[in-house]
Amino acid sequence: MTQQQFFAPCPRGLEAVLADELTALGASGIQTVDGGVSFAGDLALCYRANLHSRIASRILWRVAEAPYRKEEDIYQLAFNLPWAEWFDVGLSIRVDVNAINSPLKSIDFITLRIKDAVCDRFRVETTLRPDVNTREPDVRIYGFLTADRATLYLDTSGDPLFKRGLRKSHGEAPIRENLAAGILRLSGWEPGTPLLDPMCGAGTFLIEAGLMALNIAPGSDRWFAFEKLKNFDAALWEGIYNQALAAEKPKEPLPIYGSDISNVVLEAARENLAAAGLYGVVELKQADLLDLSAPTPAGMLVANPPYAVRLGEQAELAALYPKLGDLLKQKFTGWRACFFTADLTLAKLIRLQASRRIPLYNGPLECRLFVYDMVAGSRRRVKEPVA
Ligand SMILES: C[S@@+](CC[C@H](N)C(=O)[O-])C[C@H]1O[C@@H](n2cnc3c(N)ncnc32)[C@H](O)[C@@H]1O
């Protein structure tokens with residue numbers, strides 16, 4: 001594969017940190033748009049991005065892009081592509097389409113027409129057609145429509161990349177792995193800096209931080225859709241994979257601390273840390289966060305507090321926030337505290353001056369990352385930028 005075009009979708013708000021990550025992996029021609037990053041690179045970059053990206057949801061290979069006016073234009077665009085060169089007719093497919101400002105009436109109909117075009121093209125070339133499997137397809141095809149342009153992608157990831165193949169048990173409302181990794185990047189946390197998640201739930205921040213600190217590639221324990229494509233270069237992939245394994249740091253206890261008020265979710269965190277090979281690397285304990293003291297003189301606290309749905313829960317949280325603010329003032333000077341939440345009342349009720357309020361989306365839900373710098377000896381506003 002020579003230079004090709006790719007698109008990596010990600011949770012909205014993480015485009016800039018994803019662009020940095022892809023640049024570091026060797027991508028060129030990087031452009032960020034709402035919800036993702038387009039870039040150019042070769043097959044090796046495609047494999048590296050799948051294996052190493054902590055923030056992308058998928059790596060999509062752009063196979064066609066053209067202006068369109070009607071449904072038939074999109075059928076032709078898909079029919080004209082050499083699908084049989086890319087994958088075997090015996091593999092099952094699934095087509096998904098997203099559209100922004102498209103004048104076409106039915107996205108479902110476009111989805112069907114793209115599927116028809118792929119099958120018709122296969123029939124012409126092989127007399128056979130691939131089966132459709134919407135639950136566990138071998139090959140995913142994506143269509144994206146703007147007001148006047150249609151783009152087709154072949155997915156190279158398979159299961160979304162936030163499925164690391166590691167998390168076994170869920171706590172209460174666990175955050176997606178790539179969102180957690182992106183929040184860690186936005187917080188400015190670097191491996192080596194002490195990290196505390198005092199509401200750790202199933203341990204997602206702890207696991208992502210542990211993987212980063214030990215240089216463990218997030219995709220080292222799963223398979224990828226590119227392995228099923230005809231252009232799969234097994235020797236190239238093996239080289240990239242073995243290089244990643246060789247770069248892992250030896251496991252040792254790290255200054256990464258997690259706690260939660262619930263013993264039940266801590267059990268889930270323990271299982272997940274063990275599945276990620278991080279048991280003994282991260283320290284876990286049961287505690288109400290209001291009883292905690294800082295484990296080290298300086299560090300980074302990152303958490304996503306519970307999200308209150310019912311009225312009683314809202315009252316509980318409204319009572320918790322000012323106490324949380326007091327705790328930070330009294331016991332966490334020298335620390336930066338970052339709270340990821342959809343509850344915008346936190347900012348008012350915590351009674352601290354935020355140094356950053358970063359808009360982020362958890363799926364369709366608008367959230368914020370509130371950043372507080374607990375400066376020793378004063379409560380003045382801190383304007384230092386977040387990486
Ligand atoms: C939204 S969940 C965190 C999810 C976590 N980030 C994950 O990915 O699994 C909020 C967590 O806060 C915990 N929690 C609520 N009140 C607490 C308190 N006062 N002290 C410590 N933990 C608390 C809950 O038990 C729950 O696990």
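What follows is calculated from the coordinates using simple rules that are stated; it is not laboratory data. Keep in mind it's a predicted model, so treat the numbers as computed, not measured. Positions of Cβ are backbone-derived with ideal geometry, glycine not excepted, and every protein chain shown enters the neighbour counts.
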Residues S169 and V375, FRET efficiency given R0 of 35 Å [Cβ-Cβ distance, rounded to 0.05]: 0.40
Label point distance in nm, D42-T126, each placed 7 Å from Cα along Cα→Cβ: 2.8 nm
If you wrap a convex hull around the C-alpha atoms of the chain and split its volume per residue, what is the figure in Å³? 148 Å³
Suppose every K and R has +1 on its Cβ and every D and E has -1 on its Cβ; what is the size of the dipole of the chain about the Cα centre, in Debye to the nearest 20? 1040 debye
Percent antiparallel among DSSP beta bridges confined to region 4-155, nearest 5, equals 75 percent
Between K249, K115, K163, which gets the highest mean-square fluctuation from a Gaussian network model of the chain, Cα cutoff 10 Å? K249
I need the per residue convex hull volume for region 4-155, using only the alpha carbons, in cubic angstrom as a whole number. 111 Å³
Between S28 and D326, what is the spin-label point distance in nm, taking each point 7 Å from the Cα along the Cα→C-beta axis? 5.9 nm
Before rounding to the nearest 500, sum -39500 (n - 2.57) across all DSSP H runs of length at least 4 in the chain and divide by the residue total; then give [θ] at 222 nm in deg cm²/dmol. -10000 deg cm²/dmol
Using a Gaussian network model of the chain with C-alpha springs under 10 Å, which one of V124, V139, V89 is most mobile by mean-square fluctuation? V124
Potential extension, L290-I107 segment - 0.36 nm per residue separation minus Cα distance: 60.9 nm
On the formula 1/(1 + (r/R0)^6), with r taken between the Cβ atoms of N242 and R69 and R0 of 45 Å, the FRET efficiency rounded to 0.05 is 0.40
Over what distance in Å are the Cα centres of region 145-224 and region 265-302 separated? 17 Å
Between E313 and R222, what length in nm is gained on full extension when 0.36 nm per residue of separation is reduced by their alpha carbon distance? 29.0 nm
Calculate, for E85 and R149, the FRET efficiency according to 1/(1 + (r/R0)^6) with r their C-beta to C-beta distance and R0 35 Å; round to the nearest 0.05. 0.90
